[in-house]
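Shown next, in structure tokens, is the structure this report addresses.
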């Protein structure tokens with residue numbers, strides 16, 4: 001059985017050094033906690049064979065990890081680190097304590113690396129900068145500002161609050177989307193089953209009786225034939241293809257700008273995305289300014305964390321204007337109009353023409369309805385979508401409220417406070433809009449499902465009524 005050498009603190013804060021026998025490190029930590037101690041360092045005791053792996057002088061074993069650390073996990077770590085710093089513990093010991101509490105993953109590996117870098121003489125910000133998949137530029141620069149100002153615990157507390165607010169807003173928006181997504185998926189599954197199993201039975205019966213089918217029934221049978229022949233796997237394939245198209249489009253500079261402009265002009269959802277982005281960027285900039293980060297560096301970090309190409313362009317131009325001696329408010333107002341973008345215009349035209357084009361792809365629909373009416377519907381829908389974009393393309397993403405509050409903040413020297421207030425206003429608007437969207441989606445989904453089921457029932461029963469009348 002391995003022997004573990006550990007360091008811990010008791011309830012009074014006194015340091016304890018001792019050894020314990022256990023089957024594994026986890027079992028050793030559990031036993032030490034049962035003794036009433038708080039583990040700060042633990043390692044296998046070196047035996048006659050030399051250095052033990054995982055000890056203070058040995059290389060710690062890193063587990064497999066993919067991607068970055070979760071925002072919830074990082075927020076909790078930041079809050080715990082802030083508490084330990086307020087208690088006066090050295091930063092290295094704080095990191096080692098939190099490292100032992102983490103589950104195997106990217107954050108645990110990063111904390112091991114950060115601790116090793118600090119032991120070799122690096123500062124906390126320099127060590128964190130070497131793990132960019134866990135600690136982004138916003139995080140690193142705020143830590144750097146806290147080290148320079150000698151107020152690391154204050155900066156950690158602000159950073160913890162910022163991450164908690166961001167995570168809360170993200171959870172609220174995601175939670176609002178769960179209900180409609182589940183309902184739509186279930187509805188699509190039921191309708192697909194009807195098209196695959198129910199409608200073909202009725203079609204066979206209609207063919208045996210040689211009935212002349214009304215247009216509604218013909219449309220329903222054509223849709224069913226499309227689903228049976230190729231559409232049943234095309235239904236889940238359509239969102240996958242759209243997702244791949246968007247991913248590829250966003251790889252290019254102009255494609256990303258066009259897509260982000262297209263998304264911001266969606267009815268309701270575009271407004272939600274715009275307000276959510278505005279809340280996040282103003283809170284980010286306010287947190288950086290309050291932490292002592294220079295305004296130009298703060299704008300650059302905010303631009304990189306905006307997540308929307310239009311906002312990134314706006315903050316880049318605001319930075320250029322500040323270098324020329326201007327304030328923030330006026331350049332922000334002047335550069336907040338999206339303007340015309342050919343890719344955004346094409347996407348709006350394509351979205352308007354989508355349903356007629358989809359109907360044209362179904363077998364028998366061109367013969368049944370005619371090519372000219374379908375092409376006319378596609379072009380007409382595309383023109384409507386393009387007209388919507390032309391009407392909305394110059395509406396500003398930063399309204400007068402934001403501009404005036406930023407202007408007042410610059411004049412009074414309370415820019416960070418005003419940015420926080422702007423973020424609070426938009427957080428509240430996002431919350432209200434999300435609640436309203438949920439109340440609107442429920443009746444819309446009921447109308448959609450009722451309309452789809454009603455269309456199927458009427459289309460199937462019209463020929464049956466004609467058959468019964470003929471038999472009478």
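The values are calculated or read from the model by the stated rules, or taken from the named source; none is laboratory data. Keep in mind the model is a prediction, meaning the values are calculated, not measured. Heads up, the Cβs are rebuilt from the backbone with ideal geometry, glycines too, and the neighbour counts pull from every protein chain shown.
Would you check which residues across the stretch 443-467 are loosely packed, with under 13 Cβ neighbours inside 10 Å and either under 30 Å from residue 277 (Cβ atoms) or not assigned by TED's automatic domain parsing to the domain that holds residue 197 (or both) and list them?
If the condition is that a residue be loosely packed, with under 13 Cβ neighbours inside 10 Å and either under 30 Å from residue 277 (Cβ atoms) or not assigned by TED's automatic domain parsing to the domain that holds residue 197 (or both), then 443, 444 are the ones that fit.
Each row is one residue, and each column tells you yes or no for (1) over 27 Å from residue 281 (Cβ atoms); (2) surrounded by 20 or more Cβ atoms within 10 Å (Cβ to Cβ).
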{"site": "133", "(1), (2)": "no, no"}
{"site": "147", "(1), (2)": "no, no"}
{"site": "155", "(1), (2)": "no, yes"}
{"site": "169", "(1), (2)": "no, yes"}
{"site": "196", "(1), (2)": "yes, no"}
{"site": "203", "(1), (2)": "yes, no"}
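From the list 402, 422, 406, 398, which residue is buried (at least 19 other Cβ atoms within 10 Å of the Cβ) and not in a helix (DSSP H, G or I)?
Criteria check complete, one pass: 398.
Say whether the condition of being in contact (Cβ under 8 Å) with a residue 40 or more places away in the chain, over 18 Å from the mean Cα position of the chain (by Cα) and part of a helix (DSSP H, G or I) is met by at least one residue in the stretch 260-279.
There is no residue in the stretch 260-279 that is in contact (Cβ under 8 Å) with a residue 40 or more places away in the chain, over 18 Å from the mean Cα position of the chain (by Cα) and part of a helix (DSSP H, G or I).
State all residues of the stretch 352-377 that are in a helix (DSSP H, G or I) and in contact (Cβ under 8 Å) with a residue 40 or more places away in the chain; if no residue qualifies, say none.
Listed by number, the residues that qualify are 365, 368.
Going through the stretch 76-97 one residue at a time, which ones are under 27 Å from the mean Cα position of the chain (by Cα) and either assigned by TED's automatic domain parsing to the domain that holds residue 39 or surrounded by fewer than 19 Cβ atoms within 10 Å (Cβ to Cβ) (or both)?
Result: 79, 80.
This table checks each residue for (1) within 23 Å of the chain's Cα centre (by Cα); (2) under 17 Å from residue 292 (Cβ atoms).
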| residue | (1), (2) |
| --- | --- |
| 114 | no, no |
| 122 | no, no |
| 127 | no, no |
| 139 | yes, yes |
| 144 | no, yes |
| 157 | no, yes |
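When residues of the stretch 298-336 are filtered for being assigned to a helix (DSSP H, G or I), surrounded by fewer than 21 Cβ atoms within 10 Å (Cβ to Cβ) and modelled with pLDDT under 85, how many remain?
So the count comes out to 1.
Can you name every residue in the stretch 350-374 that is crowded, with 20+ Cβ neighbours inside 10 Å and under 24 Å from residue 255 (Cα atoms)?
The answer is 352, 353.
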